[in-house]
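Presented below is the structure to which this report refers.
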Amino acid sequence: MTNNQLVPIDVKEKEFKKIMNIYEMAMVQVKKDLEDVKVGLRDYYDYDVINNINCRIKTPESIINKMTKKNYNLNYKNLIENINDIAGIRVVCPFKNDIPKVIEIIEENPNLEIIEKKDYLNSPKKSGYSGYHIIAKTFVNVGDKDTYAGVKTEIQIRTMAMDFWSSAEHKIKYKAKNNLSKVDSNKMVRYAKLINKIDNRIMYLHDKYKDNI
């Protein structure tokens with residue numbers, strides 16, 4: 001996306017802002033596709049398979065911190081090649097078995113090139129986090145009408161229960177300056193497992209009565 005990929009990153013420079021604008025265009029483009037998916041799934045299943053869709057661009061501070069933590073040299077080449085979640089979209093579903101329906105349509109979308117998939121539904125993170133992540137590349141016009149760049153976007157798919165836990169955990173870690181005690185970290189893992197059990201039971205009830213809806 002830039003001809004000066006080895007140039008050191010300066011978040012105040014025009015080059016950085018230009019690249020962030022390209023990520024934002026990609027994010028908006030993918031979000032629009034997902035909004036269409038939301039409508040299509042609602043018409044087919046007669047309920048909101050996707051409850052809501054949120055998106056964000058990673059802050060300059062978060063980008064630099066992540067690159068530093070992973071020991072990447074702070075240049076544009078490493079930013080573009082190695083930081084996959086600059087543009088992030090969160091898809092929130094009511095029930096756990098809605099998630100595969102969304103994944104299938106995303107994988108079949110001709111506008112997206114799937115780069116990577118991470119299944120935290122069947123293999124939750126040590127923190128207790130559960131969800132499904134897709135890194136997908138979409139192609140954005142970055143100059144004249146014939147100039148396109150493949151831009152990565154991270155799509156996170158969760159249930160409403162998973163989203164509640166993840167949002168709460170993020171806020172708690174922020175307040176604790178990312179330094180939760182071992183006791184409190186273990187509590188959060190237990191709560192995540194409890195929420196997962198509740199998710200499964202609610203899914204069972206939904207399946208039991210779905211034909212009566």
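Values as computed for the structure displayed
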quantity	calculated
The stretch 8-42, residues that are closer than 28 Å to Ala149 by Cα, part of a helix (DSSP H, G or I) and of a type in the set (Lys, Arg)	Lys14, Lys17, Lys18, Lys31, Lys32, Lys38
Matching residues in the stretch 81-107 - criterion: being part of a loop (DSSP other than H, G, I, E, B), over 12 Å from the mean Cα position of the chain (by Cα) and under 24 Å from Ile19 (Cα atoms)	Ile83
Residue that is modelled with the lowest pLDDT, among those in the stretch 108-155 that are part of a strand (DSSP E or B), under 19 Å from Arg56 (Cα atoms) and of a type outside the set (A, V, I, L, M, F, W, C)	Gly150
Residue list for the stretch 12-22, filter: over 22 Å from Pro110 (Cα atoms) and touching a residue at least 24 places away in the same chain (Cβ under 8 Å)	Glu15, Phe16, Ile19, Met20
The listed residue being of a type outside the set (D, E, K, R), at pLDDT below 95, more than 30 Å from Glu113 (Cβ to Cβ) and in contact with a Lys or Arg (Cβ under 9 Å, 6 or more places away or on another chain), out of Asn179, Asn212	Asn179
Which listed residue, of Asp207, Asp199, is assigned to a helix (DSSP H, G or I) and within 23 Å of the chain's Cα centre (by Cα)	Asp199
Cβ-Cβ under 8 Å pairs, at least 6 apart or on other chains, the stretch 141-162 side aromatic (Phe, Trp, Tyr), far side assigned to a strand (DSSP E or B) and at pLDDT below 95	Tyr148/Phe139; Tyr148/Val140; Tyr148/Asn141
Hits in the stretch 43-60 (condition: without any contact (Cβ under 8 Å) to a residue 12 or more places away in the chain and either under 30 Å from Asn78 (Cα atoms) or assigned to a loop (DSSP other than H, G, I, E, B) (or both))	Thr59
Residue within the stretch 151-168 that is of a type in the set (Ser, Thr, Tyr), under 22 Å from the mean Cα position of the chain (by Cα), surrounded by fewer than 16 Cβ atoms within 10 Å (Cβ to Cβ) and within 30 Å of Tyr45 (Cα to Cα) present	yes
First in the stretch 23-42 and crowded, with 17+ Cβ neighbours inside 10 Å and at pLDDT 95 or above, second anywhere and in a helix (DSSP H, G or I) and among the hydrophobic types (A, V, I, L, M, F, W, C), Cβ under 8 Å, 6 or more apart	Leu34/Ile106; Val37/Val102; Val37/Ile105; Val37/Ile106; Leu41/Val102; Leu41/Ile105
Answer from Lys197, Lys187, Lys208 - the residue that is more than 30 Å from Glu107 (Cβ to Cβ), out of contact with any His (no Cβ under 6 Å at 6 or more places or on another chain) and not small (Gly, Ala, Ser)	Lys187
Condition check for Asp184: out of contact with any Leu (no Cβ under 7 Å at 6 or more places or on another chain), more than 23 Å from Tyr132 (Cα to Cα), in a helix (DSSP H, G or I) and at pLDDT 85 or above	yes
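The values are calculated or read from the model by the stated rules, or taken from the named source; none is laboratory data. As the structure is a prediction and not an experimental result, all values here were calculated from the model. With ideal geometry, Cβ positions are generated from the backbone for all residues, glycine too; neighbour counts draw on all protein chains shown.
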